[in-house]
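First up is the structure itself, then whatever we jot down about it.
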């Protein structure tokens, strides 16, 4: 059980890092919407209740996790059990702010439905000093919120996240 909680905490910090890792895309007209929506995810994560459904594909293993961010707290669900994380989200935000930013390019791929909502789908390719990343992002056409993300983590590992913002409450 301790290993599962540790894995959930690692996945949670990975997601927090990816959500907070702001992108620099100001010169690209199509990317302004993506930049604004990604910055809003960070704000929502720390200030507005958010329920994230996460699928991590690491090697031949698939892990399903849920996270709820509400009232400054992070709750993690693994193997049907909810636990309150002792993670300090403000500290994680400050750490990410100190990290170098990546320079991303993005491309609008068209519209697709996500959870019954029409979303604009974008591909993003990022480069920083030490890494490259590829990501797909779906942004609600009506609300400007990120509804889904798919990230290539390298070596065939993938992280898929779906977000809900309505009627989010602490699970405990």
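We did not get these values from a lab; they are worked out from the coordinates using the rules stated. What you see is a predicted model, and the numbers here were worked out from it, not measured in a lab. Please note: Cβ atoms are built from the backbone with ideal geometry, for glycine as well, and neighbour counts cover all protein chains shown.
Want the number for residue 125 to residue 53: 0.36 nm per residue separation, take away the alpha-carbon distance, what's left?
Values: separation 72, 0.36 × 72 = 25.92 nm, distance 2.29 nm.
This chain segment gains 23.6 nm when fully extended.
Would you calculate the separation in nanometres between label points at residue 82 and residue 164, each defined as 7 Å from the Cα along the Cα-to-beta-carbon direction?
A separation of 1.2 nm, rounded to one decimal place.
Label points 7 Å out from Cα along the Cβ direction at residue 118 and residue 60: separation in nm?
About 4.4 nm, to one decimal.
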